[in-house]
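Undergrad: Quick one: this structure, given as structure tokens, is what I'll be asking you about.
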Amino acid sequence: MRKLLWYAKDRTLYLLLVSKMKFDKQLIGYITALESSTSARVKDCFLRDGTLVYIVYTGDLGKALGKSGLNIRKLSFRLGHRLRIIEFNEDPCIFVRNLFYPLTGFDVNSRDNIIAISTQDRILLGKLYGRSKATLKEANEILKRHFKDLEIVVDGSVV
């Protein structure tokens, strides 16, 4: 069940659709730190293996990064964590592309409740899976936080 939440920032009222994601005081502080220093709107934030992962709204990735990544470097030093910023998109295929961002050269297709990633490159296939499928599992967990019924599957038909 979603609730409506109003909050004020810089004399502007924002309306948020709040889902069942729960944040503790520390994560709210991390969200506030990014929003106040970069004016990017944060959709989600969580800590994974010592890296602070932010999901920002569509179009706010440039604001969050700053010129030549200056905002991120300053914030990373101030918070004492490595940062990863992912741009959210309502289209799950584009969101999955953003999850694997530095990697390119693969196709993303949606059918039923499955997001299928296909590639012909063995090296890229290994990077998509990660060691012990850790990268794929992490991407699936992030995807399930925002799209409840979807799952990522990698089709690696290598010749």
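The values are calculated or read from the model by the stated rules, or taken from the named source; none is laboratory data. Only a predicted model underlies this, so the values are computations on that prediction, with no experimental measurement involved. Ideal geometry is used to build each Cβ from the backbone, glycine not excepted, and the neighbour counts take in all protein chains shown.
Undergrad: Do you know which residues across segment 76-99 are more than 17 Å from the chain's Cα centre (by Cα) and either within 22 Å of I114 (Cβ to Cβ) or assigned to a helix (DSSP H, G or I) (or both)? Reasoning before the result, please.
TA: First pass over segment 76-99, keeping only residues more than 17 Å from the chain's Cα centre (by Cα): 77-80.
Residues satisfying the conditions are F77, R78, L79.
Undergrad: Just the residues that are within 18 Å of E90 (Cβ to Cβ) and of a type in the set (S, T, N, Q), please, taken from segment 111-141.
TA: Within segment 111-141, just N113 meets the criteria.
Undergrad: In this structure, is F23 under 17 Å from the mean Cα position of the chain (by Cα), surrounded by 13 or more Cβ atoms within 10 Å (Cβ to Cβ) and modelled with pLDDT under 90?
TA: Details: under 17 Å from the mean Cα position of the chain (by Cα): yes; surrounded by 13 or more Cβ atoms within 10 Å (Cβ to Cβ): yes; modelled with pLDDT under 90: yes.
Yes.
Undergrad: Next question, about the same structure. Go through segment 100-141 and give me each residue that's part of a loop (DSSP other than H, G, I, E, B), within 17 Å of the chain's Cα centre (by Cα) and farther than 13 Å from V154 by Cα. I'd like the intermediate steps shown before the answer.
TA: Initial filter on segment 100-141 (part of a loop (DSSP other than H, G, I, E, B)): 100-106, 112-113, 119-121, 130.
Then drop every residue that is not within 17 Å of the chain's Cα centre (by Cα), which leaves 100-104.
Y101, P102, L103, T104, listed by residue number.
Undergrad: Which numbered condition in (1) closer than 20 Å to P92 by Cα; (2) in contact (Cβ under 8 Å) with a residue 12 or more places away in the chain; (3) in a helix (DSSP H, G or I) is the only one that K144 fails?
TA: Evaluating K144 over (1) closer than 20 Å to P92 by Cα; (2) in contact (Cβ under 8 Å) with a residue 12 or more places away in the chain; (3) in a helix (DSSP H, G or I) leaves (2) as the failure.
The rows are residues; the columns are (1) under 30 Å from S36 (Cα atoms); (2) in the same structural domain as Q26 (by TED's automatic domain parsing); (3) surrounded by 13 or more Cβ atoms within 10 Å (Cβ to Cβ).
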{"position": "K74", "(1), (2), (3)": "yes, yes, yes"}
{"position": "V96", "(1), (2), (3)": "yes, no, yes"}
{"position": "G105", "(1), (2), (3)": "no, no, no"}
{"position": "D112", "(1), (2), (3)": "no, no, no"}
{"position": "R131", "(1), (2), (3)": "no, no, no"}
{"position": "L143", "(1), (2), (3)": "yes, no, yes"}
